[in-house]
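The values are calculated or read from the model by the stated rules, or taken from the named source; none is laboratory data. Note that this is a predicted model, so its numbers are computed, not measured. Every residue, glycine as well, gets a Cβ built from its backbone with ideal geometry; the counts of neighbours run over all protein chains shown. Accessible surface is based on the protein model in full, side chains and every heavy atom, while ligands, DNA and RNA are left aside. Shrake-Rupley method; radii C 1.70, N 1.55, O 1.52, S 1.80 Å.
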Amino acid sequence: MAQAYKTETANGTNGSPQAGRAGTRVRSLLQRWRGDRGIWRRGVVLACFAVLIALLMILHAQIPNRIGNLGSLTETFLPWFGAFIPVILVVAVLRRSAIALIALLLPAVVWLNLFGGLMFSDKSGAGGDLTVATHNVNAGNPDPEGTAKQVAASGADVVALQELPVGQVSTYEKALAGTYKYHSVEGTVGLWSKYPMTDTADVDIQMGWTRAMRSTVQTPKGAVAFYVAHMPSVRVKLNAGFTANQRDNSADALGEAIAHERVGKVVLLGDLNGTMNDRSLNAVTSQMRSTQGAAGDGFGFSWPASFPMARIDQIMVRGVEPVSSWTLPQTDSDHLPIAARIKM
């Protein structure tokens, strides 16, 4: 029995040869690091890069928009700055740089403070009175009927669609007619509802054609003002950088319309071509809550559908309580549809 005991424990913890070898490698690595006189001299540039990433996240609001709207561009993809952290970690370990590892703590702490709550906590709850959904269906969608039916299958009581081509509006209307008794299309945006709609009209967002609308939906829990909007597209140009001036002007016009809304309960559905971090949408975001931020699980990225990197499609509310928020399965659009459940 004594010989058997020695055989089991000689290989390391719990008798695992792999665990024993791993422990030996770690001890060997630590010994090499302790004897390495250059550990505090290597990786200074890498450490400076880590500090720069942290400063960009901390001071993103101070980055000016005067040159190519760089501030808005940074804020649109701000969560992705966290992708640099594991890269810096791996390089710092390979370089055996203590100063880089210590500097890495700064961007790690900043990122967790900004986005840890979104990344690691599920704020969604149960219940609610009304389910809403929105989808930029893409003007070039090869299967509009299938896309419409997929969104209707979400069980939403109210659905907003953007980028509706004039020649395909009837296709969407027919596909959704069996689920939604009431609907209205204004320009390239539309709203479908299981409940009566009144006071429907387009909203001027200073584009020269209609890409926003408003309607009062008479739900069983009371009247709700619904806004549907498709902000102008944002472009990255070689000679002008991140151009978003038209989108910003439209956001200001939409924010003014919502500010003058007389119905107490308001829901905004649409493709805003910007995230909640984008300062240029302050006219809207300052007076409304994001359902994803208040009651979602994770970031809820919606674009591009093939590899979502940003949430530029939004559901925002005022005067009602978000209960849950989520993305829906991919359709033939380049955006993912999103949905939310709200409590009146």
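Summary of computed values
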item: Wholly enclosed helices (runs of 4 or more DSSP H) of the stretch 33-125 bearing at least 2 residues over 30 Å from ALA294 (Cβ atoms) and at pLDDT 90 or above; result: 44-58, 84-95, 98-120
item: Only one of LEU59, LEU73, LEU78, LEU104 that is free of Cβ contacts under 8 Å to residues at least 60 places away in the same chain, surrounded by 14 or more Cβ atoms within 10 Å (Cβ to Cβ) and under 25 Å from MET309 (Cα atoms); result: LEU104
item: Qualifying residue in the stretch 112-124 (condition: within 30 Å of THR188 (Cα to Cα) and open to solvent by 30 Å² or more (accessible area, probe 1.4 Å)); result: no
item: Unmet criterion (only one of (1) farther than 21 Å from TRP80 by Cα; (2) among the polar types (S, T, N, Q); (3) open to solvent by less than 40 Å² (accessible area, probe 1.4 Å)) for GLN287; result: (3)
item: Single condition VAL151 does not satisfy, out of (1) open to solvent by less than 70 Å² (accessible area, probe 1.4 Å); (2) farther than 30 Å from PRO220 by Cα; (3) in a helix (DSSP H, G or I); result: (2)
item: All positions within the stretch 301-327 that are open to solvent by 20 Å² or more (accessible area, probe 1.4 Å), farther than 16 Å from LEU118 by Cα and not small (Gly, Ala, Ser); result: TRP303, PRO304, PHE307, ARG318, GLU321
item: Test: residue in the stretch 140-151 that is touching a Pro at 6+ places or on another chain (Cβ under 6 Å), polar (S, T, N, Q) and modelled with pLDDT of 95 or more; result: no
item: Check on VAL169, over 23 Å from the mean Cα position of the chain (by Cα) and farther than 27 Å from THR275 by Cα; result: yes
item: ALA175 being at pLDDT 95 or above, buried (at least 17 other Cβ atoms within 10 Å of the Cβ) and touching a strand residue (DSSP E or B) at 6+ places or on another chain (Cβ under 7 Å); result: no
item: Selected residue (criterion: nearest to LEU269 (Cα to Cα)) from residues of the stretch 195-217 that are out of contact with any helix residue (DSSP H, G or I) (no Cβ under 8 Å at 6 or more places or on another chain) and open to solvent by 80 Å² or more (accessible area, probe 1.4 Å); result: ASP202
item: Checking TYR227 against (1) among the aromatic types (Phe, Trp, Tyr); (2) open to solvent by 60 Å² or more (accessible area, probe 1.4 Å); (3) at pLDDT 95 or above, the condition it does not meet; result: (2)
item: Segments classed as helices (runs of 4 or more DSSP H), wholly inside the stretch 232-344, with at least 1 members that are in contact (Cβ under 8 Å) with a residue 40 or more places away in the chain; result: 245-259, 291-295
